[in-house]
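We did not get these values from a lab; they are worked out from the coordinates using the rules stated. It should be emphasised that the depicted structure is a prediction, and the values quoted were computed from it without experimental measurement. In this analysis, Cβ positions are derived from the backbone assuming ideal geometry, glycine residues included, and neighbour counts consider all displayed protein chains.
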Amino acid sequence: MAGLRALVMPKMGLAMTEGMVAAWRKAPGEPVAAGEEVADIETSKITAGYESPAAGSLRRQVVKPGVMVPVGTLIGVIADGTADDAEIDAFIAAQHAAFVPAAEAASAPAPARVATEIGPIQVLEAGPEDAPPLVLIHGFGGDLNNWLFLQPLLAARFHTFAIDLPGHGGSTKTLPGGNFAALARAVAAFLRARGIGPAHLVGHSLGGAVALMLAPESLSLSLISPAGLGPEINMDYIGGFIAARRAREMQAVLAMLFADPALIGRDMVEGVLRYKRLDGVAAALQAIAAANFANGRQNTSLRATLAAIRVPTLVAWGEADRIIPAAHADALSPSVRVVRFPETGHMAHMERAADLARHIIGIADA
Amino acid sequence: MQLSREELLRAYRSMCTIRQFEERVHAEFATGDIPGFVHLYAGEEASAVGVCMNLTERDSIASTHRGHGHCIAKGCDVAGMMAEIYGRKSGLCAGKGGSMHIADLDRGMLGANGIVGGGAPLACGAALTAKTLKTGAVAVAFGGDGASNQGTTAEAMNLASVWRLPVVFVLEDNGYAESTASAWSIGGDPLVRAEGFGIPGVRVDGHDFFAVHAAAGEAIARARDGGGPGFLHLKLARYFGHFEGDGMTYRAPDEVAKLRAERDCLKLFRRRVGEAQLLDDAALDAIEAEVAAEIEDATRRAKAAPMPSPADLLTDVYVSY
Amino acid sequence: MARKSFRQAVNEAIRQEMARDPRVIVMGEDIAGGMGAPGEDDAWGGPLGVTKGLMPQFGRERVLDTPITESGFIGAAAGAALTGLRPVADLMFVDFMGVCFDQIFNQAAKFKYMFGGKARTPLVIRTMYGAGFRAASQHSQCLYPLFTHVPGLKVVIPSSPYEAKGLMIEAIRDDDPVIFFEHKMLYDVEDEVPDEPYTLPFGEANLTREGDDATIVAFGRMVMLANEAADQLGAQGISCTVIDPRTTSPLDIETILEEVRATGRLVVVDEASPRCNMASDIAAQVAERAFEALKAPIRRVSPPHTPVPFSPALEDLYLPDVEKIISAVRAVMAAGGRKAA
């Protein structure tokens, strides 16, 4: 049955076990390019586009929108146009017969806590151990789960380490200091403790500034909406994130992160609230905000640092970023590769994971 | 234990203060100015003062509905107490507690208590705090003959025994639980009850300050040294009714007059220190005069003090809510 | 993070607070177990094993077995709280409050007010409640409405392991007396529970489902049933908001009013006996303050006004269940007499 490709419920994130088609973007019979989004996939955390693995036409929508199915379930069929309906029916029957749902969550890798000189740092590793190391550093109030879409894509090429910064996720809630330099020292302490030499660094927002501080020891640098490249910062977001206690307040704050706020799932909001309730988090967030965003502005500029670094560097920005304006990517050194994503907010690594992964791999190979 | 001249003066001042405070409340209550109801301690002063002279501010006491004497003996501010009884904002409890709930935690006074038998478990708790935090403090649970028949008292004594708590139970047996004679209501002997819990006890003439002071001193010192709980059965008498307005028709017609004449703890104290030439009448008379002035001042200030404001109704229910 | 049972969640909360604050002690009947007996120490760890392991870690000085003497040790806990400790006392079954209620509602609850605001009583009383255990009339009651009735007490009714840990830590750190209700049928329920300490605020309701058609308020174990009912109704095209108030005192009535104003229909699920229970309290407050928003009469799902029966046949009949909740929601959906013109 050449020319037939199965669309299966993707595993978007290492812990995902099930999902649903929120909406089909293509009608049955409609042509599809490879990499074009055919459907919106919704998990309890987030909704994301599903890119077609092949060119052809969407011959069959096997799963209706709104039905929760296990990861790996056949949801649609792409064909090159030569197959007839009987062939497709047979293909679907064969796929269904062969499908074995993965044992629930058993295969999901679990984060580990690494003891470092500044306290435990939580890390989620993925990818071959002999591949080049790549470290993912999240932003203010985030955690390693922010990389749930991007990390699996990068893990094909790199030994990836998604870490929780101090004050975040499962890492120590005692900060070694709240400014970029102190957080960079914490990441360096983790790299030493884990025995990681020069690595490809990927940082988002606050984590972008942290990665930039570590540039001299890096193989390449990919900065997503990084802090430190201009004075503006949306303090409604920073202050709102610190203050929000209830789901609806937090939902409204998190909505600022995305070009399309409808992407935010109930579990994402609940996850952030649960994080914020942990002992020490409120103080840590306040200390980081005070150290970096006093008086409502970013008070450390790393533009000179960025201009001086020698490693291949990517700066990626969503044009609809409402937290740090995309204009901060203007007028950077010509050696910096700048990528702007249209209709994308502050979370390009969640909103444009596949595109971004290609750019990161590109800069790492440069 | 030999008491110094200063201690004797302090003891007399404390007992005098209780007596005059209660006599004054008795008089003022009759005018109708004092709200609610009050239970007066007059006649039992040797107990509160004899026991509390052995305590420091870090030690705790749990008191009873007849608590004014315990408050004064434990160092509560007399003017604050009077204002509280008048329901004034300047009262020790801001007018929210009244006579039956006067407390001053800074002085280890854990509260008078409107529930007969309510205080003994609380005293065990204070003793547990002392034991756990190793502060060296002790707790005293005052209770009357009525409370001695409550389950809480028995439970507290057993708990104190099995946990070996630094607590002393003081049974102030004034002969009547409300109108019911303790001679009838207490089955068996309270000392034997204490013994049954493994708690050493002693029966003392509660009119005799010196006897109470010595017995309490021994029990408190033993508790403080880790020797576990103690028990005192004090036989004494109250001069007024269970509450103000109680006609006391259940008592013998000449009972109180005879007690005042023959067994009054203040008179016994004066006779004793006079005979032993420890204190002279002039010094004791001077104390009485000073106390009279203090009570007069406290009463005058209480009457003049403002009532709580309407907003006070809703405050102090919770630390945070 | 790991999956933990409700029992483990409560244990972990107490353990972490004991490690953090030396003033935290626990006490109760068989809280460690085996006191003075020839066999094992920590033989029970509480009647259902919730406090197992605390005594070996913290010692007999901070994990105190008591005689069977509820007035004695609950009162002692109140007195200890008043004088500087932060006791967590285990009143085994809430039904036993009958023998020690004075120490809770006349003493601990009122110290602060009676004493003019000067007292602090950081006391937690843990207690098991609820039916379904075939434990009959004296070991199955809810009784949280009685405690809710008393000013000065805070009343916490966690609905899941995650909620239990956060609310227990909050309770231990709170400076007022808190009655902490643990449903015996929830002890083996599992949930993702962070390893680290965290707190959940009192008086902030949690929306476990969000919908447009009806609002269901439920307490403790009933939240699980209400969620199940909402999910089944959702599949049938009726979308429900489910509110877990978490605490009945303080009660987040504002969130309830807000949701009722949004949906216009209210069902309150309360395992407590029906007279003067939480359902009647909430129904009264909503009728008083959001009457104009109601499209249908409020429905209460509660047991009948009887003691909890023993026989499984009767106890199952007695308890609210998913079917009863669904039928109450269907009833408020069908009653359309007050639709706005």
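Nearest 20 debye, what's the magnitude of the dipole of the protein assembly as shown about its Cα centre given +1 on Lys and Arg Cβ and -1 on Asp and Glu Cβ?
1020
Taking every DSSP beta bridge that has both residues in chain B, what percent is antiparallel when rounded to the nearest 5?
Bridges in chain B are about 10 percent antiparallel.
Given Cα pairs under 8 Å that are at least 6 residues apart, what percent is the relative contact order of chain A?
Result for chain A is 14 percent.
Using the per-residue mean of other Cβ atoms lying within 10 Å as a proxy for protection, in what order, highest first, do the peptides A:198-208, A:172-182 fall?
Top to bottom by mean Cβ count within 10 Å: A:198-208, A:172-182.
Averaging over all projection directions, find the projected area of the Cα convex hull of the stretch A:136-186 and quote it in nm² with one decimal place.
That works out to 3.6 nm².
Over the whole of C:79-91, what's the average partner chain Cβ count within 10 Å per residue? Rounded to a whole number, please.
6
If you place +1 on the Cβ of every Lys and Arg, -1 on the Cβ of every Asp and Glu, and leave all else neutral, what size is the dipole of the stretch A:235-328 about its Cα centre, to the nearest 20 Debye?
Value, rounded to 20: 220 debye.
In straight Cα distance, which lysines are under 17 Å from A:K64, not counting same-chain residues fewer than 8 positions off?
Once the sequence-local lysines are set aside, what remains near A:K64 is A:K26.
Any chance you could tell me what percent of the C-alpha pair distances in the stretch A:112-365 go past 34 Å?
Looking at the stretch A:112-365, the distances longer than 34 Å represent 7 percent of pairs.
Can you tell me the orientation of helix A:266-277 relative to chain A, as the angle in degrees between its alpha-carbon axis and the longest Cα principal axis, to the nearest 10?
20
Starting from one equal scatterer on each C-alpha and no solvent at all, send me the Debye-based log10 I(q)/I(0) for the stretch B:204-316 at q = 0.18 Å⁻¹, two decimals.
-1.10
When a/c is below 1.5 the answer is rounded, else prolate if a/b is larger than b/c, else oblate, so apply that to the stretch B:5-306 with a ≥ b ≥ c taken from the square roots of the Cα gyration tensor eigenvalues.
rounded
Of the options A:A86, A:A48, A:L74, report the single residue whose Cα projects farthest towards the positive end of the charge dipole of the stretch A:4-98 (beta-carbon charges: Lys, Arg +1; Asp, Glu -1).
Farthest towards the positive pole: A:A48.
Kirkwood hydrodynamic radius, the stretch C:205-270, all distinct C-alpha pairs: what's the number in Å?
11.4
Give me the angle, in degrees from 0 to 90, between the Cα long axis of helix A:180-194 and the longest principal axis of the Cα atoms of chain A, rounded to the nearest 10.
Here the helix axis deviates by roughly 60 degrees.
Antiparallel DSSP bridges in the protein assembly as shown: what percent, to the nearest 5?
35
Where does the stretch C:2-193 land on the Kirkwood hydrodynamic radius, alpha-carbon pairs, in angstrom?
16.4
For chain B, how many pairs of lysine residues have a Cα-Cα distance under 25 Å, where the two are 8 or more positions apart or belong to different chains?
12
Please list the radius of gyration and Dmax for the stretch C:206-334, considering alpha-carbon atoms only, with Å as the unit.
According to the Cα coordinates of the stretch C:206-334, Rg and Dmax are 13.7, 43 Å.
For chain B, what does the relative contact order come out to in percent, with C-alpha contacts under 8 Å and a separation of six or more?
This gives 23 percent for chain B.
Considering the convex hull of the alpha carbon atoms of the stretch A:9-61, report its projected area averaged over all viewing directions, in nm², one decimal.
One quarter of the hull surface, i.e. the mean projection, equals 3.5 nm².
Add -39500 (n - 2.57) for each DSSP H run of 4 or more in the protein assembly as shown, then divide by its residues: what number comes out at 222 nm, to the nearest 500 deg cm²/dmol?
-11000 deg cm²/dmol
Roughly how many Å is it from the Cα centre of the stretch A:116-194 to that of the stretch B:231-261, as a whole number?
So the separation of the two Cα centres works out to 79 Å.
Under the definition of partner shielding as Cβ atoms of other protein chains within 10 Å of a residue Cβ, what is the mean value for peptide C:117-123?
4
Under 21 Å from the Cα of C:K165, which lysines turn up, not counting those fewer than eight places away in the same chain?
Once the sequence-local lysines are set aside, what remains near C:K165 is A:K173, A:K276, C:K4, C:K52, C:K154, C:K184.
Between the DSSP loop rule and a limit of at most 13 other Cβ atoms within 10 Å, which trypsin sites (Lys or Arg not before Pro) in the stretch B:1-88 are left?
B:R58
Counting only complete DSSP H runs, which helices of chain B cover 20 Å or more along their long axis at the Cα atoms and score a mean Kyte-Doolittle of 0.5 or above?
Flagged H segments are B:119-133, B:209-224.
Rounding to the nearest 10 and keeping the result within 0 to 90°, find how far the Cα-based axis of helix A:85-98 lies from the longest principal axis of chain A.
60
Specify which residue in the list A:L4, A:V123, A:L214 is farthest towards the positive end of the charge dipole of chain A, using unit charges on the beta carbon of Lys, Arg (+1) and Asp, Glu (-1), about the Cα centre.
Farthest towards the positive end: A:L214.
Which Cα, out of C:V223, A:V336, C:A108, lies furthest along the positive dipole direction of the protein assembly as shown (beta carbon charges, K/R +1, D/E -1)?
Checking the options against the dipole of the protein assembly as shown, the answer is A:V336.
In chain C, which longest range has no chymotrypsin sites (Phe, Trp or Tyr not before Pro) that are both DSSP loop (not H, G, I, E or B) and surrounded by at most 16 other Cβ atoms within 10 Å?
Free of exposed loop sites, the longest segment is C:134-309.
Using each residue's phi in the stretch A:259-265, evaluate 6.51 cos²θ - 1.76 cosθ + 1.60 at θ = phi - 60° and report the 3J(HN,Hα) Karplus result to the nearest Hz, with x for Gly and Pro.
5, 10, x, 5, 5, 6, x
How many angstrom lie between the Cα centre of the stretch C:205-254 and the Cα centre of the stretch A:1-50?
First find each Cα centre; the distance between them is then 32 Å.
Spin-label point model (7 Å from Cα, Cβ direction): what's the B:E255 to A:A287 distance in nm?
According to this spin-label approximation, the distance is 7.0 nm.
Could you give the distance between the Cα centres of the stretch A:216-230 and the stretch C:269-341, to the whole Å?
58
Calculate the all-directions average of the projected area of the protein assembly as shown's alpha-carbon convex hull, and give it in nm².
The orientation-averaged projected area of the Cα hull of the protein assembly as shown comes to 52.2 nm².
What average number of partner chain Cβ atoms lie no more than 10 Å from the Cβ of the residues making up B:312-319?
6
Please list, ordered by chain and number, the residues whose modelled amide H lies under 5 Å from the amide H of A:V315; skip anything fewer than 5 residues away on the same chain.
A:L223, A:R337, A:V338, A:V339
Output needed: Cys residues of chain B lacking any neighbouring Cys C-beta below 4.7 Å, sorted by number.
That list is B:C16, B:C52, B:C93, B:C124, B:C265.
For a Förster distance of 30 Å, can you work out the FRET efficiency between the beta-carbons of C:S239 and A:F99, rounded to the nearest 0.05?
0.45
Dipole size in debye (nearest 20) for chain B around its Cα centre, Lys and Arg Cβ +1, Asp and Glu Cβ -1?
Approximately 640 debye in magnitude.
Nearest 5 is fine: what % of DSSP beta bridges in the stretch C:196-341 come out antiparallel, could you say?
20
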